[in-house]
1. I'd like the distance between the alpha-carbon centres of region 147-197 and region 23-84, rounded to an integer number of Å.
2. Would you kindly calculate the mean projected area, averaged across all directions, of the convex hull enclosing the Cα atoms of region 97-197, in square nanometres?
3. What does the C-alpha gyration tensor say about the overall shape of region 1-44? Classify as rounded when a/c is under 1.5, otherwise prolate if a/b is larger than b/c, or oblate.
4. State, to one decimal in nm², a quarter of the convex hull surface area for the C-alpha atoms of the chain, i.e. the direction-averaged projected area.
5. Under 17 Å Cα to Cα from K23, which aspartates and glutamates show up? Leave out anything in the same chain fewer than 8 places away.
6. Among the chymotrypsin sites (Phe, Trp or Tyr not before Pro) in region 118-192, which ones are in a DSSP loop with at most 16 other Cβ atoms within 10 Å of the Cβ? Mind listing them?
7. By a straight-distance test (C-alpha under 27 Å), which lysines pair with K162 as possible cross-link partners, with residues fewer than eight away in the same chain excluded?
8. How big is D, in µm² s⁻¹, for region 39-100 by Stokes-Einstein at 25 °C and 0.890 mPa s if Rh is the Kirkwood radius over C-alpha pairs?
Amino acid sequence: MEIKNSEFVVSSPVVSKCPDDNKPEYAFIGRSNVGKSSLINMLCNHKGLAKTSATPGKTLLINHFIINKEWYLVDLPGYGYARRSKSVQQKLQQMIMSYILQREQLINVFVLIDIRHEPQKIDVEFIDWLGQSNIPFSIVFTKADKLTASKISSNVNSYLEKLKETWEELPPYFVTSSEKCIGRDEILDYIEQINKK
Ligand code: GTP
Ligand code: MG
């Protein structure tokens with residue numbers, strides 16, 4: 001699929017303030033600094049569309065971007081940034097979870113995982129919560145440019161092994177680098193297939 005047009009629409013603090021035109025949407029979630037905003041920019045081939053930062057905690061609201069005037073990509077705040085106060089962390093978590101549970105036009109959640117790290121409890125718990133809540137999701141391994149091909153495949157395999165401890169059926173997954181533009185076609189084709197259904 002080609003993205004011909006991508007535009008920022010609105011930043012919302014709560015679900016009730018999100019766009020109400022009922023177009024399908026796809027959201028990106030994961031730990032702070034994992035690369036959610038960078039991935040949106042890479043998919044849209046539009047630097048600066050979503051705001052990125054080397055310091056974790058950049059994205060703090062629910063950000064809607066309209067693609068080809070037909071559907072949305074949604075950039076969410078990250079979870080698990082330890083340097084935030086407990087009350088701010090809880091408020092953000094509440095925002096993310098109510099968005100995911102309440103947003104009827106949400107078609108799929110992409111959970112981003114930094115490919116360099118061992119499975120982290122906070123991510124595995126979040127994935128389990130999505131599964132238990134019957135939310136369709138896929139996994140996106142990010143920052144693949146930081147590892148060799150063999151390390152990528154061994155880290156992906158050990159992640160999938162970890163998920164198999166809980167889940168019989170594994171979710172679709174993608175290996176990406178926003179820096180090197182890896183995984184773009186795969187994710188866009190996946191979205192296109194779902195949009196057609
Ligand atoms: P929050 O909004 O704070 O939750 O972060 P985020 O998940 O949106 O991360 P963001 O896209 O702002 O990127 C965080 C940092 O990681 C930035 O310094 C990016 O340049 C860097 N980064 C993101 N994707 C990649 C990638 O694929 N490769 C490399 N090498 N760096 C990346
Ligand atoms: Mg961000």
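1. 18
2. For region 97-197, the mean projected area of the Cα convex hull comes to 6.9 nm².
3. Verdict is oblate for region 1-44.
4. For the Cα atoms of the chain, the hull's average projected area reads 10.6 nm².
5. Result set, ordered by chain and number: E7, E70, D75, E104, E192.
6. Of the chymotrypsin sites (Phe, Trp or Tyr not before Pro), the ones in loops of region 118-192 whose Cβ has at most 16 other Cβ atoms within 10 Å are W167.
7. Straight-distance partners of K162: K36, K121, K143, K146, K151.
8. 191
No lab work stands behind these numbers, since they all come straight from the coordinates. Just so it is clear, the structure is predicted and the values come from calculations on it, not from any experiment. Virtual Cβ from ideal backbone geometry, glycine too; neighbours counted across all protein chains shown.
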